[in-house]
Amino acid sequence: MNSNVENLPPQVLRLVYKEVSALAADPPEGIKIYPSEEDITELHTAIEGPEGTPYAGGVFRMRLVLGKDFPAAPPRGYFLTKIFHPNVGHKGEICVNVLKRDWKAELGLRHVLLTIKCLLIHPNPESALNEEAGRLLLEDYKEYASRAHLLTEIHAMGGTSGAPQEPADGPQPKKHAGDPNKRVAGAGLVTNGVAANNLSNSSSSGTSSSNTSIVAKKKTDKKRALRRL
C-alpha cells in the first residue's frame, strides 16, 4: 500500500508523530505498538487475545493505515493474523463503527485500538463481514467459539511477539566462529599439535643422528683392526 506521507499537511504529520510516539511510550494494556520510521501513516500493532474469549492466548498482528484525508476521514484497519471473527473479512479488513460513521477527528488512534480490542470481546454480528462467523455466533456459540479458538491456535500462537520479522539472508557464520573462547581453545589445540610434531621430529632427528654416529664408529674401529693385521 502506498504511503500518504506526501499527501498529508505538515501540521497533521506532526500531530500523528506526536500521538504515535506517545502510544509507543505508553501503549494501551495488551497492545504493542511498532511505529515505522519510514512511513508514519502506517502503524503496525499486536493485540493480545482477551482472557475469557476464544482468542485468549493468541497475539494478533494488525495495522492501521492513515489515508490522505486523515483525520477528517477515519483510518483503515486490517488484521494481518488470520482470525475467525464476524467483523473481520477474509482479507483482514475490519468493520467497526468507529472506523465508519462514528468516527470523529478528535477520537485519536488510541481510541481506535481500544475499540478494536473490545471487538474481540464483544463481536457485532449485525455488521458481519464474515457471514459464517456471524451466523454461528447467533445460532451456535459453542461451534463459533471452537472455530475461533482453532484458528487462534493455528495462526496466533506461534510464539512471536508480533513484531514484523525478517528472514536471515546471506551466508551464516560457522559454528563457534564468533565464540572467542572456542577460538582460543582451537588455537591452543593447533599450537599443542605443532609443538608435539616438532618434538616428535626433533626426537626422530636425534635418534637418526645417534644411529649414524654408531655406524661411523664401527667403521672406524674396523679400519683400525685391519691396519693391525
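Each value in this text was obtained by applying a stated rule to the coordinates, not by laboratory testing. These figures come from a predicted structure and were not determined experimentally.
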Length-normalised contact order of the stretch 5-156, Cα under 8 Å, at least 6 apart, in percent, tallies to 20 percent
Flagged as over-length at 25 Å C-alpha distance, from LYS68/LYS104; LYS18/LYS82; LYS82/LYS104; LYS104/LYS142; LYS32/LYS82, the pairs are LYS18/LYS82; LYS82/LYS104; LYS104/LYS142
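Report the extension gain between LEU150 and GLU19 in nm, rounded to one decimal, defined as 0.36 nm multiplied by the number of residues separating them, less their alpha carbon distance.
Details: separation 131, 0.36 × 131 = 47.16 nm, distance 3.54 nm.
My answer for the length gained is 43.6 nm.
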Counting sequence-distant residues (5 or more places) and residues on other chains, those with an amide H built under 5 Å from that of ASN4 are THR41
Note, the stretch 49-65: 3J(HN,Hα) by Karplus (6.51, -1.76, 1.60, θ = phi - 60°), whole Hz, Gly/Pro = x, goes x, x, 5, x, 10, x, 9, 4, x, x, 10, 10, 6, 8, 9, 10, 10
Taking every C-alpha to C-alpha distance in the stretch 5-156 and binning by 5 Å from 0, the per-bin percentages run 2, 9, 19, 22, 19, 13, 8, 5, 2, 0, 0
